[in-house]
Every structure is written in C-alpha cells, then in structure tokens.
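In what follows, a single structure is set out as structure tokens and then discussed.
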Amino acid sequence: MIALLRNPSGLVGVLLVAVVVAAALTSLLWTPHDPLIVDPAAGWLAPSASHLLGTDALGRDSFSALLVGAQVTLGSALLATAVAAALGLPLAAIIELTPPMLSAFLQRFVDIMIAFPTLILAVILVTSFGSSTWTAAVAVGLGASVVVARTVAPELRRARSSDYALLATAAGASSGRIMLHHVLPNAGSTIVVRLTQILAGSALAEAGLSYLGFGTPTPTPSWGRTLAEMQPQIMTRPEVLLAPALCIVIVVLGFNLLGDGLRDILDPRTRRSTP
Amino acid sequence: MAAPLLCVAATDAAPAARSRAQRLAVAVAQQVGVLVASLLAASLLIFLALHYLPGDAAAILAGPEATAAQVALLEQRLGLDRPVAVQYLDWVFGALRLDLGDSMLDGRSVASQIGEKLQVTVPLCVAALLISVLVALPLGMIAGARHRTWYGHLIGALTQLGVALPVFAVGLALVTVVAVKWRVLPVQGFPPDRWADPAGAIHSLILPTITLAIPLTAGLVRFVRSATIDIVADEWVRTARAQGWSIPSVLMRQGLRNAALPLVAIVGLELAGLLMGSVLIEQVFALPGIGQMLLKDVGNRDIVSVQGTLLALTSVIMIVTIALNIVYTLIDPRLRGSK
C-alpha cells in the first residue's frame, strides 16, 4: 500500500478513486437536497451556497444528483467487473487445462467474442429485459469476461510451466489442485491489475450506455444520462455539461492510474526497468 | 557503411515453400471455419434473444385497442405464426441474399436502409482509424524512444487522459467551442441528400471524426509507446547502435516492421470499441448513421429492423476481424521460414 502511494500514477489514482468512493458513501447517508425532488419554479438556478452546482431544468439539485451518480457508477463498475472475473477467470483456467484441440478452439472462440461488441450485447439484453443499471452492467461484464480470459490465460501458462508447478506435479498434485493452489496465486498480480483496468472500462461503458439510454433509467441520477439530458442546453448554457463530464473523467482516470500504479509495483518486469 | 541489421536466412527451398503454402492454407481454412461457426452462433443468439422478448411484437405493433383477431391477422402477415425454426432459417437464408426483411413500422427494406446509413458510419470510422494510426505511430515511437524526457512523459500523461475521456463528452466540448463559440463548423446533422453535396458532407464529418479519433489515438500511442520501449531495450537495437545507427533510423527501418504485427492485432481489438464510439458520436452530432437507426428501432421495438441491424454489424465486425487475423498469419515471420 505504501509502495502504491509512492508511485506517482498510484498516488493520483488512489486519490481520484477515493474522491469518488467518498462521494458515493456520503450520498448513502446525506445529500444537500433530495436529487429526485422536482421544483419547476427553481429550474436552472445558478450555483449558490444552497445549490453548489445549481439546478437542472426540473429544479433538481445538480450536486446531489452527481453524488448519487457516484453510487451508480461504482456499483455498476463493480458488478460488471465481478461478472467479468467470475466468467473470465474460469474460462482462462479451462483454456489452460483442456487438451490442445479443445483449447485451440476455445482460444479462437475468445478471439472472436472479443470482437462481439458490448453494445450489441447491451442492446439485446435491454430490448429483452428492459433497461436498468444492472442489465447494462451485466452486458459490460459479459463483454469484458473474454478480455479477462484472453489476457490471463498466457499468465497462467507461464505460472504452470514454472519449477514450483513441476514440483507439485512430481509430488502427485492434480492439475486442478495445482491451478487453484499454485498457479492462480502466482498469477494474482496480473489478475488484479487487469481487473482494475476493467473497472475503468466498465465505468466508461456504463456512462456511454446510460448516455444512449441503454443504461440507468430515469429518474435515478447517472452521470452518462445526466449528460444526455443536459445536451439540449449546449447552445445556451454549455457550462452545465462540465460537471457530469468531469465526474466520468475522474473515475475512469482514477481506476486507470490505479491499475498502472499496481502494475508498476506488482510486476517484477516493470519494477526492474523503472528507476 | 553500416552492416545489415538482420541476417535473414533466405533459403527458401522448394519443398519448404510448398509446406509453408500448405500451412498457410490450413491456417486460413481454420479462420474461415471459425468465422462461419461464430456467425451462425451470433445469428442464433440475436434471433432467439429477440424472438423470446417479453411482450408480443405483433400485439405491440397492433396497438392497445386491437382485437385478438386483428393481432392474429398481423401475426400471420408478419409470419410470426410459423414455427421458430422455420422463421430462423427463413431469416438466415434471406440474410445470405442480403435480404433482411422489411421494417415492421414503415415496410421499407431493412437491408437498403442499412446501406444508406453506412454511407455515414463507414466514412466516419475509416477516417478516424486512418488518422489515429497516422498520428499514433510517430507519436508513440517518439514517446517510447525518449520516454525519460519531458515530452516523453507529457505524451504519456496525455494518452492517460485521452483514454479516460468519454467520447461523447469530448464531442460535446468540441461542439461548444468550435461550432457554438467560433461558428466554424456545423453543430449537428448531415446534409439530407448525403454525398450529393460532398463539401457539406465532409464539413459535417470533420468534428465527429476528430472526436472519434482522440480515444483511438490515445490507445494506439500507449501501445506503440510501450512496444517501442521494449524494442529500444532489445539486444539487436543495442547491436545496431554499436554499429553507428541512431535510434530514430533504427526505429524507422526495423521498428515499423516489428510493430506492424501487433498493430494489426490491436486494430482488430479496437473494432468493437470503434462501433460503440461511432454510435455515441452519431448521437452527439445527430448524424443519420447506423447507430441512430439502431437507437430509433429499439425505441420503436421494430424487432425485424433491430435483428437485421445487429446481424449486419456483427457480421461486418467478425469478417473484418477474421480478415485481420488472416493478414496477421500472412505477415507473421514465425510462419514464414522453413521450420
């Protein structure tokens, strides 16, 4: 942890993610106003002490909406990453454990599924089940699971061909046991780094899907949909678009930098090459 | 005079050449097989998922006041009363003849509508991809070869930002500054008669293309940069430098060739992201492309149209991916020699 804070990318990443987590936690307990209360008389108020970032067309407090939006973003990013890990890691292990013929087929399958756009998955799921934060997150997670499988599988192969794995085989351990007890822990750092990057990608994807109307439905505040709702104002008051856009940048940049920092301190190869 | 950088054993004996051709043929055949299998799987997934929608398509289309008899009549007209397998086969064989059925709303041919919309989406994606490759190759190499200098760090930091920026936010920002404040380019939209007015069409595509190119470029620069850092640390570069080559000339002569292989792969990986990006950008700039069509049809629950569009998009992406994989196989030096 201290090593992470000493790494410049890691430090900025931790700070940015901490801001978003703090916003989400705060909004669970308290927001300056109820972000759902509509008051047409108070539409488009300028920022003031009471409304830090002003209000939207319906008089809802923008700052409160952004705080609650942090919950949606973090929640859906975590769910998407959990789905990606739950499917992608076993898939990577299966690719490594199965006989060459099947493994080659699975690899080709993963290659082609990477090309299958998350957007199309999301459209299918949303058309079938209706749009919700969770539907979008599951679609994003499904799309990311093949990326996890693709990038983790070579790492598992490297760990499996190591001396300690050979030793465990000599000691009579089954290949499943070796995978669980020896290979996975040793590939752990790569997996952690990859999942942090997936968190960033999921947050970005959720914002994009919500912007298109395939994600979080109204009235739950979501940064992507807030942007979409504000878009008609671009000619008259473009400044209202700034805050939700910045929030998305902060969370994505935060997770990306956190991932870079983790990679720097966990990966022995880059540790050697950085001074 | 500097010595040749690489000594390629160019002893392509006849039997070895034949076996290489055979190996390539097998590899290509494998790829095509995977393509056919995945297209079938994708078409099944799309068809079944949309077929078992909650909410009967015919009932929705007929409206809330329709009688059961009217709904049944509509079902019959749309062919929804036939067995699922028949409907699927009919749809797939139609798709092979580029016939994706007619829109449930206005009865227009889905395939011809897709063709119209692609006139906007394809130029957008191709231009953005070309620009990003042309910008990212030199920029990434500079950032990688000089990654300890201030501009090396600056490029590295900028790409971090570029990857994190949501394309729709970038698009909105560009619209605000360039179109609303400076009034240089059109804010939104596309000429109604499309490419009949080439200047107008290009004008309306400038901002969207730049927007789409930004995250693509940032991603590619990151990739080229780290590849260059690895290459510069390689032994053959050290050898070349000892022979008096400068790093830029080594990179120009050998680095490009070494980077081409992973670049083909990475462009393939970007394809899915490119589609998502272009759909978002069409929404920002109100461009009448394939993304706008998809959003509209999902909103109207025009199942025939959504199915057709999804199948067309998936097919294009998968075919391009496989084509790239085949190119990858052809230029992969590991498949070139006699071994």
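The values are calculated or read from the model by the stated rules, or taken from the named source; none is laboratory data. Model, not experiment: these values are computed from the prediction. Note that each Cβ is placed from the backbone with ideal geometry, even for glycine, and that neighbours are counted across all protein chains shown. Ligands, DNA and RNA are excluded from the accessible area calculation, which covers all protein heavy atoms including side chains. Shrake-Rupley method; radii C 1.70, N 1.55, O 1.52, S 1.80 Å.
Which of B:Gly289, B:Gly273, B:Gly299 moves most in a GNM of chain B, Cα contacts under 10 Å? Between B:Gly289, B:Gly273, B:Gly299, it is B:Gly299 that shows the largest mean-square fluctuation. Shape of chain A from its Cα gyration tensor (a ≥ b ≥ c, root eigenvalues): rounded if a/c is under 1.5, otherwise prolate when a/b > b/c, or oblate? The shape class here is prolate. Here chain A has 70 percent of its accessible surface on carbon and sulfur atoms, given a 1.4 Å probe and all protein chains in place.
Helical content of chain A, expressed as a calculated mean residue ellipticity at 222 nm, amounts to -24000 deg cm²/dmol (DSSP H runs of 4 or more residues, -39,500 (n - 2.57) each, divided by residue number, nearest 500). For B:Asp102, the amide hydrogen comes within under 5 Å of the amide hydrogens of B:Val110, counting only partners 5 or more places away or on other chains and with H modelled in the peptide plane. Mind listing the phi-derived Karplus ³J(HN,Hα) values for the range B:221-235, rounded to whole Hz, using 6.51, -1.76 and 1.60 with θ = phi - 60°, and x for any glycine or proline? Listing the rounded values in order: 4, 4, 5, 4, 4, 5, 5, 5, 4, 5, 5, 4, 7, 5, 5 Hz.
On association of chains B and A, roughly 3800 Å² of accessible area becomes buried (total for both chains; probe 1.4 Å). Within the range B:148-239, the trypsin sites (Lys or Arg not before Pro) that combine a DSSP coil assignment with at most 10 other C-beta atoms in a 10 angstrom radius are B:Arg148, B:Arg183.
Which chymotrypsin sites (Phe, Trp or Tyr not before Pro) does the range B:98-207 hold that lie in a coil by DSSP with at most 13 other beta carbons within 10 Å?
Numbers: sites: B:Trp150, B:Tyr151, B:Phe168, B:Trp182, B:Trp195; in loops: B:Trp182.
Sites meeting the loop and neighbour criteria: B:Trp182.
The angle between the Cα long axis of helix B:14-51 and the longest principal axis of the Cα atoms of chain B comes to about 30 degrees, rounded to the nearest 10.
With contacts taken as Cα pairs under 8 Å at a separation of at least 6 residues, chain A carries a relative contact order of 25 percent. Note that the protein assembly as shown presents 48 Å² accessible area per residue, ligands and nucleic acids not counted, probe 1.4 Å.
Counting only alpha carbon atoms, the long axis of helix B:110-145 and the longest principal axis of chain B meet at about 20°.
Based on the alpha-carbon gyration tensor of chain B and its eigenvalue square roots a ≥ b ≥ c, which shape applies: rounded if a/c is under 1.5, prolate if not and a/b is larger than b/c, or oblate? It comes out oblate by the Cα gyration axes. From the square roots a ≥ b ≥ c of the eigenvalues of the alpha-carbon gyration tensor of the range B:124-184, which class results: rounded (a/c under 1.5), prolate (a/b over b/c), or oblate? In terms of gyration-tensor shape, prolate. With no solvent and one point per C-alpha, what does the Debye sum give as log10 I(q)/I(0) for the protein assembly as shown at q = 0.05 Å⁻¹? Result of the Debye calculation: -0.25.
Checking every one of the chymotrypsin sites (Phe, Trp or Tyr not before Pro) in the range A:1-99 against DSSP loop status and a limit of 16 other Cβ atoms within 10 Å picks out A:Trp30, A:Trp44. Across the accessible surface of the range B:129-247, with the other protein chains kept in place and a 1.4 Å probe, carbon and sulfur atoms take up 68 percent. Please give the calculated 222 nm ellipticity per residue for chain B, where each DSSP H segment of at least 4 residues contributes -39500 (n - 2.57) and the sum is spread over every residue; nearest 500 deg cm²/dmol? Result for chain B: -24500 deg cm²/dmol, rounded to the nearest 500. Along the range A:35-45 the Karplus relation, 6.51 cos²θ - 1.76 cosθ + 1.60 evaluated at θ = phi - 60°, assigns HN-Hα couplings of x, 9, 6, 9, 9, x, 5, 9, x, 6, 5 Hz to successive residues, with x for each Gly and Pro.
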